[in-house]
Amino acid sequence: VTRANPPLLRAATHVALDTATSERLQALGATNVVRAGDMLLIGPSRGEGVEHARLRKAWWSSSESEEWDRLYAPEVRWESPVAIWASQGPADRVNLWRACRRLRDAGLSHRDVLIVDLGHASRGNPDYDPLRCSESVSDHGDDVLLERLGEARPWPRARYDRAVDLWRRYVDADPSGFARACVDGLAGFPELSTVWFLVSSFFPRKMPDGSIHLSRFDELLMNRLSTDWETPVEVYVRGPDAWEQLVCCTGDIFVAMRLDHWAKHGTPPAVERAPWRQRDNPMLAFRYRLTARGLPLQAGVACLGEAPPLLMAGTEAYPPASPWVLSEDGRFVRV
Amino acid sequence: MRLVSCGSATLALTLLAMGCTTVSPDQCWPNTTGGFGGSGTLPIGAGVGATSGDFGSAPQSSPLDYTDPPNPCLEPESPCLGKCLTAYEVAAAGCARIATDARPKTCLDAAYAAYMSCAGACAASQTCTDMYVACQDKGYPCTRVIEGSLSLCGVCRRDCQKKNPYKYSECYKCGFSDPR
């Protein structure tokens with residue numbers, strides 16, 4: 001396939017895992033592009049498409065009319081071949097597993113699915129974003145995209161099956177199977193270590209002395225706060241490297257969401273909020289600060305009920321009953 | 001936010017002729033209160049506009065859904081630019097105390113030149129985070145959500161920090177300049 005002769009570009013159904021990629025593929029001449037953009041590393045996910053879509057919409061409380069994830073949209077024509085474009089970013093990889101499962105449910109054989117795997121983009125600042133969360137297919141030049149499409153092949157059946165199985169484990173209400181796959185590793189899926197690092201950052205941790213600590217994310221968040229009022233913008237942009245790495249992956253809106261979870265949890269809550277400017281902008285709608293109850297949480301030690309629940313993949317971090325916590329050997333255990 | 005008003009006596013006729021709502025960024029003038037009775041006007045040049053919006057000077061492939069034309073006179077003031085303005089106001093107040101007829105113009109010119117130099121340095125020192133904060137101040141559509149967890153401002157900041165070309169041309173409209 002060359003720029004002068006990209007028949008596959010026009011003939012295939014293309015699955016783009018973010019909006020910028022969707023627009024790039026259309027600009028290149030692709031006519032049937034299915035945008036399946038969503039940051040699945042946070043929030044709920046389910047195996048069944050309609051339920052998954054319903055939960056995600058509720059999770060984002062989206063007031064946007066734009067539908068950025070059309071993977072389960074009934075009007076989509078899945079005409080073979082289908083090309084799934086994926087970067088090496090962890091969010092793209094999880095989304096790739098999901099797309100494999102979706103296409104299987106739509107009746108397509110693995111032989112009908114071309115995986116257009118993009119390597120790391122070489123341009124840009126190599127020191128920024130070590131977890132590669134901001135990687136996008138659209139970071140690559142047109143020539144690279146067309147070249148990769150020309151080289152794209154279906155994955156062998158076994159590898160495709162493993163991707164489908166990883167999605168099954170990811171959305172399972174019992175996260176221990178997914179944790180095991182991540183910790184043990186799986187041939188052909190080097191992304192598992194990064195995905196695991198991120199997913200595990202949102203679950204409470206059981207320390208060797210038996211004490212329970214907040215999740216890595218929440219502990220960093222508590223330490224970003226003080227008794228002075230701050231907007232989510234201010235909380236998001238300043239912090240230690242560990243914070244920067246995590247919020248680069250979650251996105252800025254999630255910081256505002258999680259602050260809101262904390263402000264609405266408990267009586268009195270550990271974090272309080274007060275209206276600020278721009279009611280329609282979650283990053284500036286409220287200011288937040290720690291309360292007297294929240295200050296001790298900066299040490300990380302917590303009773304499980306002190307933190308607000310957080311839907312994650314097929315399960316929940318900090319549910320009211322029988323929560324999963326992360327043990328020091330990287331396994332999930334119920335408390 | 002500092003409302004840069006169109007209040008100069010000397011500029012007033014010009015603005016009346018062109019209509020105050022149709023000014024371009026390089027036609028805006030701050031309402032300095034330096035003590036010379038409204039005659040101490042100060043044009044904000046392109047460098048200053050670029051620190052907090054740069055509307056109209058950058059490439060754009062698709063229009064934003066602004067219902068009204070942006071008011072280039074309404075600019076968020078960065079702390080850096082605020083210092084420049086304060087220094088200008090002090091200098092201009094000093095100019096107003098000079099008695100001779102000939103000196104104030106030269107004095108004001110010098111104060112103005114110093115301001116422009118200071119403001120230019122502000123533009124050059126803006127970090128991706130500064131631009132992100134200013135972007136959030138602008139509100140919708142700069143703050144519109146892209147795929148759930150990330151605002152457009154957040155996408156622009158990522159590209160800026162990665163020193164990648166901006167994926168969305170709206171980044172320029174929302175106050176981002178090319179990553180250095």
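Model label points for A:R168 and A:T31, set 7 angstrom from Cα along the Cα-to-Cβ axis, are 3.7 nm apart.
Simple point charges give the picture: +1 on the Cβ of Lys and Arg, -1 on the Cβ of Asp and Glu, and for chain A a dipole about the Cα centre of about 600 debye. A Cβ-based charge dipole, computed about the Cα centre of segment A:224-335 with Lys and Arg at +1 and Asp and Glu at -1, lands at about 320 debye. The shape of segment A:219-314 comes out rounded: with a ≥ b ≥ c from the C-alpha gyration tensor, a/c is under 1.5.
Per residue of A:277-283, other chain Cβ atoms within 10 Å of the residue Cβ number 5 on average. In order along segment A:263-270, the phi-based Karplus estimate (6.51 cos²θ - 1.76 cosθ + 1.60, θ = phi - 60°) of 3J(HN,Hα) comes to 5, 9, 10, x, 10, x, x, 6 Hz; Gly and Pro are listed as x. Taking other Cβ atoms within 10 Å as a rough exposure proxy, A:T291, A:T194 sort from fewest to most as A:T291, A:T194. As a proxy for reagent exposure, A:D143, A:D69 were ordered by neighbouring Cβ count within 10 angstrom, fewest first; the result is A:D143, A:D69. Largest GNM mean-square fluctuation across A:A299, A:A12, A:A179, computed for chain A with C-alpha springs under 10 Å, falls on A:A299.
Mind putting a number on the dipole of segment A:84-241 about its Cα centre? Charges go on the C-beta only, +1 for Lys and Arg and -1 for Asp and Glu, and I need it in Debye to the nearest 20. Write out the running numbers ahead of the final one.
Working: 21 positive and 25 negative charges, 160 e Å.
With Lys and Arg at +1 and Asp and Glu at -1, about 780 debye.
For the pair A:L295 and A:V335, a Förster radius of 25 Å applied to the C-beta separation gives a FRET efficiency near 0.55, rounded to the nearest 0.05. Remark on B:S151: its backbone amide H falls under 5 Å from those of A:D252, A:I253, B:I146, a criterion applied only to residues 5 or more positions apart or on other chains, H modelled at 1.01 Å from N. In straight-distance terms, cross-link reach from B:K163 covers every one of the lysines whose alpha-carbon lies under 23 Å from its own, apart from those fewer than eight places away in the same chain; here that gives B:K138, B:K173. Backbone phi angles across segment A:193-205, fed through the Karplus curve with coefficients 6.51, -1.76 and 1.60 (θ = phi - 60°), yield HN-Hα couplings of 5, 5, 4, 5, 4, 6, 4, 5, 5, 10, 10, x, 10 Hz in residue order; Gly and Pro are listed as x. The modelled label-to-label distance between A:S109 and A:T267, using points 7 Å beyond Cα along the C-beta direction, is 6.2 nm. Taking label positions 7 Å along the Cα-Cβ direction at both A:S226 and A:A321, the computed distance is 4.3 nm, reported to one decimal. For the segment B:160-170, counting C-beta atoms of other chains within 10 Å of every residue's C-beta and taking the mean gives 5. Comparing A:T19, A:L118, A:A53 along the charge dipole axis of segment A:1-152, the residue lying farthest to the positive side is A:A53, per the Cβ-charge model. Once the chain from A:K57 to A:W78 is taken as fully extended at 0.36 nm per residue, the excess over their C-alpha distance is 5.3 nm.
For A:V116, the residues 5 or more places off, or on other chains, whose built amide H falls under 5 Å of its own are A:I84, A:W85, A:A86. For the peptides A:101-112, B:135-146, A:72-83, the ranking by mean Cβ contacts within 10 Å, running from highest to lowest, is B:135-146, A:101-112, A:72-83.
Taking every DSSP beta bridge that has both residues in chain A, what percent is antiparallel when rounded to the nearest 5?
Numbers: 18 of 34 bridges.
The antiparallel fraction comes to roughly 55 percent.
Toward the positive end of the charge dipole of segment A:70-194, with +1 on the Cβ of Lys and Arg and -1 on the Cβ of Asp and Glu, the farthest Cα among A:V82, A:L166, A:N95 is that of A:L166.
Order these by the 10 Å Cβ neighbour count, fewest first: A:C248, B:C80, B:C118.
Numbers: A:C248 22, B:C80 16, B:C118 19.
In increasing order of surrounding Cβ atoms, one gets B:C80, B:C118, A:C248.
Relative to one another, the C-alpha centroids of segment A:199-275 and segment A:90-154 are positioned 31 Å apart. Ranking B:A96, B:N164, B:P141 by Cα position along the charge dipole of segment B:81-180, where only Lys, Arg, Asp and Glu carry charges on their C-beta atoms, puts B:N164 farthest toward the positive end.
Can you give the average number of partner chain beta-carbon atoms within 10 Å of each beta-carbon in peptide A:11-21, as a whole number? Kindly include the intermediate steps, with their values, before the conclusion.
On the way: counts 0, 0, 0, 0, 0, 0, 1, 5, 6, 7, 1.
Mean partner-chain Cβ count within 10 Å for A:11-21: 2.
Unpaired Cys in chain A, meaning no second Cys C-beta under 4.7 Å: A:C100, A:C182, A:C248, A:C303.
Coordinate-derived values only; no laboratory data. Since this is a predicted model, take the numbers as computed values, not measurements. So basically every Cβ, Gly included, is an ideal-geometry build from the backbone, and we count neighbours across all protein chains shown.
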